[in-house]
1. Pick from segment A:65-80 the residues that are of a type in the set (A, V, I, L, M, F, W, C) and in contact with a Leu (Cβ under 8 Å, 6 or more places away or on another chain): which of them is farthest from residue A:384 (Cα to Cα)?
2. So which helices (runs of 4 or more DSSP H) are wholly in segment B:82-196 and hold at least 2 residues that are open to solvent by less than 10 Å² (accessible area, probe 1.4 Å) and within 13 Å of chain A (Cβ to nearest Cβ)?
3. Just one of the numbered conditions (1) part of a helix (DSSP H, G or I); (2) open to solvent by 10 Å² or more (accessible area, probe 1.4 Å); (3) among the hydrophobic types (A, V, I, L, M, F, W, C) is not true of residue B:55; which one?
4. Restricting attention to segment A:109-131, which residues are buried (at least 24 other Cβ atoms within 10 Å of the Cβ) and either within 16 Å of the ligand (Cβ to nearest atom) or over 24 Å from residue A:154 (Cβ atoms) (or both)?
5. With respect to residue A:219, is the statement that it is away from chain B (no Cβ under 14 Å), under 16 Å from the mean Cα position of the chain (by Cα) and either among the basic types (Lys, Arg) or open to solvent by 10 Å² or more (accessible area, probe 1.4 Å) (or both) true?
6. Considering A:68, A:76, which residue is in a strand (DSSP E or B) and either open to solvent by 10 Å² or more (accessible area, probe 1.4 Å) or away from every other protein chain (no Cβ under 12 Å) (or both)?
7. Given (1) open to solvent by 40 Å² or more (accessible area, probe 1.4 Å); (2) out of contact with any strand residue (DSSP E or B) (no Cβ under 7 Å at 6 or more places or on another chain), identify the lone condition not met by residue A:61.
8. Please list, ordered by first then second residue, the pairs with beta carbon atoms under 6 Å, 6 or more apart or interchain, first in segment B:60-89 and aromatic (Phe, Trp, Tyr), second open to solvent by less than 50 Å² (accessible area, probe 1.4 Å).
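The values are calculated or read from the model by the stated rules, or taken from the named source; none is laboratory data. Predicted model, so just to flag it, every value in this text is computed and none were measured. No Cβ is skipped: glycine too gets one built from the backbone with ideal geometry, and neighbour counts run over all protein chains shown. We work out accessible area using only protein heavy atoms, side chains counted, and drop any ligands, DNA or RNA first. Shrake-Rupley method; radii C 1.70, N 1.55, O 1.52, S 1.80 Å.
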Amino acid sequence: MTVKFDTNPTEVKRNQNIPDERGYYGGFGGAYIPEMLYPNVEELRNNYLQVIESADFRKEFELLLRDYVGRPTPLYYAGNLSETYGAKIYLKREDLCHTGAHKLNSVVGQALIARHLNKPRIIAETGAGQHGVASATVCALMKIPCTVFMGSKDIVRQQANVLRMKMLGAEVIAVESGSKTLKDATNEAIRHWINHPDDTYYLIGSTIGPHPYPDLVARLQSVISEEIQSQLMKQEGKDYPDYVLACAGGGSNAAGAFFHFIGNGKTRLIGTEAAGEGVDSGLTAATIYSGTPGIIHGCKTLLMQTSDGQVMEAHSVSAGLDYPGIGPMHAHLHTTGLAQYLPVTDTEALDAAQMLSREEGIIPALETAHAVAALSKLQFKPDDVVVICLSGRGDKDLQTYQQYFQEI
Amino acid sequence: MNALQNLFHNKKQNQLSLFFTAGYPTIDSTAGIIEACQKAGIDFLEVGMPYSDPLADGPVIQQSSTRAIVNGMTIELLFNQLEALKGKTTIPLLLMGYLNPVIQFGAERFMEKASATGASGLILPDLPIHEYREEYQTLFEKYNLSPVFLITPHTSDERIKLIDELSNAFIYVVSSAATTGKKQDFGQAQLVYFQRLKSMNLKNPLIGGFGIHNRQTLQQAWQNLNGAICGSAFLKKLAATPDAEKAVEELKKDLGLKMD
Ligand SMILES: Cc1ncc(COP(=O)(O)O)c(C=O)c1O
């Protein structure tokens, strides 16, 4: 499948990467929350920009990103891939962050905010377990008690990360309600927050939830595109790529990899979403493709829902993408044509994971494999500079890979 | 004046309201429950519209919602059930639910139907106040529906005053920072909170909810506020017996309103 670009790629649109004061990206975003959550969300909204723009925060955040997370992560020129796909393909190595995924960028920043707000404990939701591990890690470092909500289905398929969280001293709560995956883990985390408003910071794992979370997480992850700019300047003599490819569950690594290129009129931003067994199979998590506008977890966005407005269960082999909504920024980028979103099936992702392992000696996370799979869906010119956000490493998915490759 | 405003005009104290989930325990339970409540002298009702992801609710309401959806409950069907009941009952009804199903139904179409089938008001806990003022208020007024807003012990005085300004039936006083269905007696924290509200001299009656499940919690709400709403405890009774009249009687016993 070759993607057609309807939008004029040279159209410049500024400030599309941040929401307005009420948290809207165009028609998406906002804060649709019951009164029980209002004071906490309001407290965060009133403080987050001031905190993350303060000199103290920047200093501490940047030091931790450098010495603890291991930033900047390399922008690696993937010679073998480049030859195969006929373009200059670079991998932004978020998989080399401490704990193995981009999630740690946002966790470090949010934990500093929690400390600033005098919240002595942290809760988080997790799908693939990467955000849970990142939260448990930073909480260990900062001596903050940490509770992670995880669907019982995900606990089974991401065992390694459950063990890591426990090793790090976090409490892992198995969520048995609803889909038993990321959607319901998020519900339970929010319910827990309602019941513990005074002492608890809710550390959201993606660009989802009520305003200001999508903006907060996107800004903290924007270090990814900031680094890509300066790295490309050195390596290619220009500070933007022609393409950025990133997978999108809630959309945080994609938001971070797109951030500085959104609306620049030059870079084609491609998000990939999990199509599960196929976009029309009924077993899918391709929210942009099959979703309609509505509200999920406190924000207006695109989501998979019935005609009665009940949220549908998502399906993807990848726990981190198995979510029926998507961050409001992406709903907006899609609607305005500032980014394109491609569905990638389970099988395509699994095959891409093996391809990348064999071509470049890098085993990607299943989530990330969805971004890699986009390579064979696009047609490049030989001097196109293509950056893939390699959001995470695949150790946690070896069991799934093994099962799949034994079956075929 | 709608039926709910009329009720508050005539009765100032000791209101008792029940919440139930439409479509639970069975798809056609709605009419029987409403009739049983009226017969038992319940003052007004909240008819819950089931939602797949009820963020503010504890396990009891979650499970009733899941079950109701599996049973096939929809907003369309609820309106048909209420339409069929029109003229047969007089107990004031509020519809309560999350915003997304209402938006999908179409906000104006929803309010038109709600009003036409006899509802007096709506509780949409995740509808932001600014959005209510900018996009919904005129619709509420057009269809003579009362908006009901929640406040909690953490809601600022300033916000409570704003909510009082926007309300025209009652203010829903959430008893503590919690999801629905917590079984705990009210303590000092609630008393301080209720006293604070009393001293604000608000124009709307205050009805307490979340955690009303026994004599102590009901009496505390009655003594300090204008009434009480009981939800999860009622749903548990409905789960235990298919007979709605019996369920209400059992609940009244638990609330200390009836001797064994
Ligand atoms: C490696 C990796 N990539 C991507 C994701 C998807 O999240 P997001 O869309 O927020 O980047 C996850 C989520 O668990 C992940 O672990």
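1. Per the stated criteria, the residue is A:69.
2. B:99-105, B:157-166
3. Here residue B:55 meets the rest and fails (1).
4. A:109, A:110, A:124, A:125, A:126, A:127, A:128, A:129, A:130, A:131
5. So residue A:219 fits the description; yes.
6. Step by step, each of A:68, A:76 is checked, and only A:76 is in a strand (DSSP E or B) and either open to solvent by 10 Å² or more (accessible area, probe 1.4 Å) or away from every other protein chain (no Cβ under 12 Å) (or both).
7. (1)
8. From segment B:60-89, the pairs are B:79/B:117.
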